[in-house]
Each structure stands twice: as C-alpha cells, then as structure tokens.
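K.L.:
This structure is in structure tokens; I'll ask about it shortly.
What follows draws every value from the coordinates through simple rules; no lab data is involved. This one's a predicted model, so the numbers in the text were calculated from it and none came from an experiment.
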Amino acid sequence: MKNLVIILSVLTFGCASVEVKTTDAPETDLGAYKTYNYNDMNFVRQDSIPYSKNTYNYFIQQMNEHMQAKGFELSDDPQLVLNVFAVVKQEQELEEPDDRRYMGQRLNNREEPKVVSYDVGDLVVSFIDKQKNILLWQASSEMVLSKNDNKMKKKIENSTEQIFEKFPYQ
C-alpha cells in the first residue's frame, strides 16, 4: 500500500489553539465505511526521545474514541486504513529580554538575548480506502510539544477534537 499521509497541525510556539488543515477526495462518502484499523507501518521518527510511546499511544487512544463515537468499529479486516506518521524536530527562537533600566544617560544592566529551544511535532494521519488503495481524507497539524504529560495530553485532546470537528462524516 502506498504510504499516503495526513498531516495534523497545531499552531506554533506558545499557542494553545490548534489549526487543522484538511483535504478530502471529491465525492468521498465516509459514511459508507464501517470499520477501520491502523497501518502496521505507522512510523514515529524521534530526534527527541521523551515523546515516543506515551504520546503516540495517547494520540491513538484519542483517535479511537473519536472514530468509535462516529460509529466506526476497530477491526482486523478494516475498510479504512489509517496511517500515522510523526516527526519531532527541535526549533529555536531568539528571546529578547525586556529589562532595560535607564540610569542617567545610558541603559545599564541589560540582559543579553537568549536562544530558546523547543520541540515541535508534525503529525501525519491518512484515511485510506483499503480495497481501492486511495486517500479519502487528510488533515494537517503541527504542535509545540511539552515534556509535561498533562500538558501534552491536553494538546493531543485539543488537536483530535478539532480534527473531528472537520471530519466530513458526522
């Protein structure tokens, strides 16, 4: 099966909201499908180890809850195959201090700018018709990751919620 992907996107550094971009095949009726499962070739590439299994497993759990709430059933012989692809990358940003103090005719005691590093996750999920091997629907997202499990879970919940708000089958 061709490895088609859906990319889930969450806004950049420091933002709590999620922007999900989607694409679907023309005349796709996801209501015609009743069963789903995940491609066994799902791939999580990590440049940063702390996000591996916990983050991925929680995302899959959230996807399952939403899929089953929409009436889809997890099956060993699915009609829909979901591919999941995730990449963690490190980004940097220059943080300018705002601590200027006026001392007579010049500024004193000014801190130097700092380089702040943070991890960003790009997540890709594909909804594929198993029999026809065609991409039916996709969404794209990027999220700033957190090493705090509770914060990370909230970000995953927020992104999956917004994905399924745009899901073409209600």
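K.L.:
Note the full-extension length gain between residue 22 and residue 65 as 0.36 nm times their separation in residues minus their Cα-Cα distance, in nm to one decimal.
P.N.:
13.5 nm
K.L.:
Over 19 Å between Cα atoms, which of 114/153; 70/132; 21/166; 89/155; 130/155 qualify?
P.N.:
Pairs exceeding the cut-off: 114/153; 70/132; 130/155.
K.L.:
Just round it to a whole percent: the fraction of Cα-Cα distances in region 115-170 exceeding 14 Å.
P.N.:
Above the 14 Å cut-off, region 115-170 has 64 percent of its Cα pairs.
K.L.:
Can I ask one more? If amide H atoms are built 1.01 Å from N in the plane of the peptide, which residues on other chains or at least 5 residues away come under 5 Å of the amide H of residue 140?
P.N.:
Under 5 Å from the amide H of residue 140 lie the amide H atoms of 7, 9, 21, 22, each far enough along the sequence or on another chain.
K.L.:
From the phi of every residue in region 157-162, what ³J(HN,Hα) in whole Hz does the Karplus formula 6.51 cos²θ - 1.76 cosθ + 1.60 yield, where θ is phi - 60° and glycine or proline is x?
P.N.:
4, 4, 5, 5, 4, 6
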